[in-house]
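Beneath this line is the structure, given in structure tokens, with notes to follow.
Just so you know, all these numbers are worked out from the coordinates, no wet-lab data involved. Fair warning: this is a prediction, and the values are worked out from it, not measured in the lab. Cβ atoms come from the backbone with ideal geometry, glycine included; neighbour counts cover every protein chain shown.
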Amino acid sequence: MSSYREIREECCEANIALPGLGLVNLTFGNVSVTDSRAGVFAIKPSGVAYAELKPEQMVIVDYEGTIVEGALRPSSDTPTHRRLFLAFPEIRAVVHTHSPGAVAFAQAGRGIPCLGTTHADHFYGEVPVTRPMTPEEIASAYEWETGNVIVERFNDIDPMQVSAVLVHSHGPFAWGTSSAKAVENALALEIVAGMARRTLQLSPDMPPIPQALLDKHFFRKHGEGASYGQPK
């Protein structure tokens, strides 16, 4: 019996959730779940329909990029996921979608500004967009370089406070301390993208919310002093 049953099941469950949340169409997108102690992660197989996914189909890949277990080819985005796990050791799961609201901002080359408290409840400020990739980056190890431009963009951003990014001209990646949290963050990203777009249509010059309001809403849900929800 495989020793990777837990992350395979968690990965499969998270992937299957994406279509029902309206975050993916066709076979777009993928979720990965890591076991950092073992130095491996499970990821959706490439091109397999979500309705057909089974835990045993999830591909196990190590942090060097070698397939450890699995009969199917892993997602083409696997090197990007691997780069994020290496750069952000606090995360357990990565979600990549082509959800239309977030993709619209990515295609426009715009970050998603924090215009209200719904956004502030989930992300500590603007969800950033990466710089465009160079022709050399695109022509070489494209998916690995996609991860590199994300890591570069987070040079001065805490990935646990802003748990998502837009890859310029491509789409969103989100992450979290569990697959459920990563999926939640991907959904929250799509929701706030839609709100931001509508707000900017009504008021194109709308500024971000005041810092005091951002701090209040984010930190009441996140961190040691969080007061939202029930005690654990």
Taking H as built 1.01 Å from N, whose amide H comes closer than 5 Å to the amide H of H98, not counting residues under 5 places away? N25
Would you give the gap between the C-alpha center of the stretch 1-59 and the C-alpha center of the stretch 148-195, rounded to a whole Å? 18
Let me see the P(r) profile for the chain: every Cα-Cα distance counted, bins of 5 Å, each bin given as a percent of all pairs. 1, 7, 15, 19, 20, 16, 12, 7, 3, 1, 0, 0
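Direction-averaged shadow area of the convex hull around the Cα atoms of the stretch 1-121, nm²?
Values: hull surface 33.7 nm².
Directional mean of the projected Cα hull area for the stretch 1-121 stands at 8.4 nm².
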Largest to smallest principal axis extent of the C-alpha atoms in the stretch 25-66, angstrom: 32, 17, 14
Between the Cα axis of helix 78-87 and the main Cα principal axis of the chain, the angle (0 to 90°, nearest 10) is 60
With label points built 7 Å along Cα→Cβ from the Cα atoms of T118 and K221, find their separation and express it in nm. 1.1
Given H placed on each backbone N at 1.01 Å, which residues far from I112 in sequence or on other chains put an amide H within less than 5 Å of it? V127
Test of understanding: what is the full-extension gain from Q161 to I191, defined as 0.36 nm times their sequence separation minus their Cα-Cα distance? 9.1 nm
Each label point is 7 Å from the Cα along the Cα-to-Cβ direction; what then is the distance between the points at W144 and T199, in nm? 3.9
Taking only Cα atoms, what is the 0 to 90° angle, nearest 10, from helix 142-153's long axis to the longest principal axis of the chain? 30
In degrees rounded to 10, the 0-90 angle between helix 5-20 Cα long axis and the longest Cα principal axis of the chain is 50
Taking amide H positions as placed 1.01 Å from N in the peptide plane, with prolines and chain starts having none, which residues 5 or more places from D35, or on another chain, fall under 5 Å of its amide H? V40, F41, A42
Loop-resident GluC sites (Glu not before Pro) in the stretch 88-190 with no more than 16 other Cβ atoms inside 10 Å, DSSP not H/G/I/E/B, are E90
Please check: in the Gaussian network model of the chain (C-alpha springs, under 10 Å), which one of L187, L213, L166 has the largest mean-square fluctuation. L213
Select from the stretch 30-132 those trypsin sites (Lys or Arg not before Pro) which occupy a DSSP coil region and have at most 14 other Cβ atoms within 10 Å, ordered by residue number. R37
With 12 Å as the cut-off, how large is the P(r) tail for the stretch 1-42, expressed as percent of Cα-Cα pairs? 60
Under the Karplus relation with 6.51, -1.76 and 1.60 and θ = phi - 60°, whole-Hz ³J(HN,Hα) for the stretch 115-128, x at Gly and Pro, equal 9, x, 6, 4, 4, 5, 5, 10, 10, 7, x, 4, 7, x
Quarter of the surface of the C-alpha convex hull for the stretch 157-199, i.e. direction-averaged projected area in nm², equals 3.4
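Within the chain, which is the longest segment that contains none of the chymotrypsin sites (Phe, Trp or Tyr not before Pro) sitting in a DSSP loop with at most 15 other Cβ atoms within 10 Å?
Numbers: sites that count: Y63, Y228.
Within the chain, the longest run free of exposed chymotrypsin sites (Phe, Trp or Tyr not before Pro) spans 64-227.
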222 nm mean residue ellipticity, helices alone, for the chain (DSSP H n ≥ 4; -39,500 (n - 2.57); rounded to 500): -12000 deg cm²/dmol
